[in-house]
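Down below is the structure, laid out as C-alpha cells.
The values are calculated or read from the model by the stated rules, or taken from the named source; none is laboratory data. Note that the coordinates shown come from a computational prediction; the quantities given were computed from them, not determined experimentally. Reconstructed Cβ throughout: ideal geometry from the backbone, glycine too, with neighbour counts over all protein chains shown.
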Ligand code: NAP
C-alpha cells in the first residue's frame, strides 16, 4: 500500500497541501513547480509571466484567516483576519517549513506531458515528462495530483467588442495589472465587475483622472467586515445558517439578503443592481467600491456597444472619449494541455469530474484534479480535503463508485447548478462551502458527528453548530485526526475578539447565530399562532 509514488503538479495553495497529504498517507510525493518558488497565484511578481498566475500588488484575500487556513495549521494570532497577499505567502512558507515540504519540490520544472503508462489498465501508472532547467526528463509515477489552478489563462474576449481594432489607446487584461502608479492622471476604463474589476478600479481610482467601470449584469456587493465587525465568512458560514438556508424558501433568503445589502447602499442608485437574485450568483467582496462610487472616483457604466478611436459608446447611448487605457477584468479560462488527450473530457467550460476531482471514465482512479472549483468561501481547505480523500483513494482505502454512478452524480450537480444559478463562465464549478466540505468529509470519514458531540462534548458541539465552520472541524475525528483541533475551535472566538482589540467575550459569535435562531423560530411561532386563530 505505501511506497507508492505520486507526482504533484504545481506548488501553490493546492500543491503544498497535496504534498503534505501524501506524506500523511505514507505516499512518496514529487512536486514539479515551473517557477522558482512556492505560492502559485499568491506570490506577487513585478512582471506578468506567461504560464503563471498573476496578481496585483495591493491584493488582499477576501476570505478570513479563520476560514482559509489548512485544517491542522492555524494562522498566527497576530496576523490580520483578511491578509494581504504577502501575509498569505508568509503563511504558506510557515506551512511548508513546519511540515518540511520543500525537499519534495523540484523548482524550475515545467511538466510537458502526463500520459498513461502502456500497462495503465493493470498498474494505473503515469509517465510524467518535465522540463527541468531546460532538459526534458521522464519519470513513472503510481498516481498524479494536478494542482495547477484555474486563474492562469486570461479570458480576453476582444472579438466580442465591435470596433475594438480601431481603438488607439492601450488594451490590457487584469492579469497584467500590477501597480497603480503608471496610470497617474489617466482616464481608464475597466470592463467586468468581478472581484478583480472592483479591486483594480478602487486601487486605480486614487491616482487616475477618472475610472469608468463597465458592467453588463451588475452584481451584489458584500462587505468583508460583517455584523459587529466580524469577518463575513465567520458570521455566515456556520452549520446553523447553512441549515436555515436549506430550510427556508429561496425567495425568503433572497429578500433577506437583498434587503441587507441594499440597506448598506442601494445597489440601484449606485448603478450596479444586478438583474439576478441574491442567491443565483455569487456576490463580490468590495468594501471600498461604494465609497469610490459616492466620491465620484469610479463611475459605473453599462455594457459597451462599440469602441471608437479614442473611446467607447455604451449600450445606454452615453459615450466617453479620451480613454487612455482599457483593462479587461473579464476573468480566466482553464485547460490542461499537458494531460494526454482523452483523460479529461471537456464539454465547453464544463469538465466532468467526480466530486470535482476524479475523471470518471479512467480504468484506474490514479489521477486527481485538486482545486478546480469556484467556492463561495475559501478554496485552500477544500483543496486540502480533496487531497486527503484522493490520497486514500490512491492507496485503495476508499473505493470510487462505478463509472455510471459517478456520471449520474456529475450530471445531478450540473443540473442543480444550471437550475440554481444564472449562466456564467464558471457556473459548473460553483459549490457551497459548508455543503461541499461535508460531502468530501463524508467520503473520507472525517465529517464531525454532531449527535455524538452533543452527547459527549456539548460545549464543542455548540461551537461546531453555531460557530464558524472552520477547517479544524474536519480534524476532530477519523483518519488524520488532529489533537489540537478541539482547542483551535474553542479558542477561535477569543482570538477573533482579541484581534479586534476587544475584551474576549465568550460565545459572542455563537450569540449572533443564536439571535437569528430565536428570530426565525419566533417568526414560525407567530405564524403558527396566527394560523391557529384563523
Ligand atoms: P470573474 O470573477 O470571472 O469576473 C469576470 C467579470 O468579467 C464578470 O463580471 C463578467 O461579467 C465580466 N465579463 C466577462 N466577459 C465579458 C464580456 N465579454 N463583456 C463584458 N463583461 C464580461 O474574474 P475575476 O474578477 O478576475 O476573478 C477571478 C477569480 O479570482 C474569482 O474567483 C475571484 O473571486 C477571485 N479574486 C479574488 C480576489 C480577492 O480575494 N481579493 C480578487 C480578485 C479576484 P458578467 O457578470 O456579466 O458575466
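Computed values, structure above
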read-out: Selection status of residue 95, on the phi < 0 side of the Ramachandran plot, touching a helix residue (DSSP H, G or I) at 6+ places or on another chain (Cβ under 9 Å) and not in a loop (DSSP other than H, G, I, E, B); value: yes
read-out: Filter result for the condition that a residue is more than 15 Å from the ligand (Cβ to nearest atom) and crowded, with 21+ Cβ neighbours inside 10 Å, over 49, 38; value: 38
read-out: So residue 379, is it within 16 Å of the ligand (Cβ to nearest atom) and surrounded by fewer than 21 Cβ atoms within 10 Å (Cβ to Cβ); value: no
read-out: Unique match (being at pLDDT below 95 and surrounded by fewer than 21 Cβ atoms within 10 Å (Cβ to Cβ)) among 336, 314; value: 336
read-out: Per-region count, the stretch 135-158, residues part of a loop (DSSP other than H, G, I, E, B) and within 16 Å of the ligand (Cβ to nearest atom); value: 8
read-out: Which numbered condition residue 130 misses (of (1) crowded, with 17+ Cβ neighbours inside 10 Å; (2) in the same structural domain as residue 315 (by TED's automatic domain parsing)); value: (2)
read-out: Residue count, the stretch 300-326 (criterion: in contact with a helix residue (DSSP H, G or I) (Cβ under 9 Å, 6 or more places away or on another chain) and more than 16 Å from the ligand (Cβ to nearest atom)); value: 4
read-out: Residue list for the stretch 178-198, filter: near the ligand (Cβ under 10 Å from one of its atoms) and in contact with a helix residue (DSSP H, G or I) (Cβ under 9 Å, 6 or more places away or on another chain); value: 190, 191, 192, 193, 194, 196, 197, 198
read-out: Residue satisfying condition, being surrounded by 16 or more Cβ atoms within 10 Å (Cβ to Cβ), more than 13 Å from the ligand (Cβ to nearest atom) and more than 22 Å from the chain's Cα centre (by Cα), within set 272, 293; value: 293
read-out: Cβ pairs under 6 Å, 6+ apart, first in the stretch 485-496 and more than 17 Å from residue 448 (Cα to Cα), second assigned to a helix (DSSP H, G or I) and at pLDDT 85 or above; value: 492/66
read-out: Selection status of residue 403, on the phi < 0 side of the Ramachandran plot and under 15 Å from the mean Cα position of the chain (by Cα); value: no
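Conditions tested, residue by residue: (1) assigned to a loop (DSSP other than H, G, I, E, B); (2) touching a strand residue (DSSP E or B) at 6+ places or on another chain (Cβ under 7 Å); (3) buried (at least 21 other Cβ atoms within 10 Å of the Cβ).
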residue: 14; (1), (2), (3): no, no, yes
residue: 76; (1), (2), (3): yes, no, no
residue: 103; (1), (2), (3): no, no, no
residue: 112; (1), (2), (3): no, yes, no
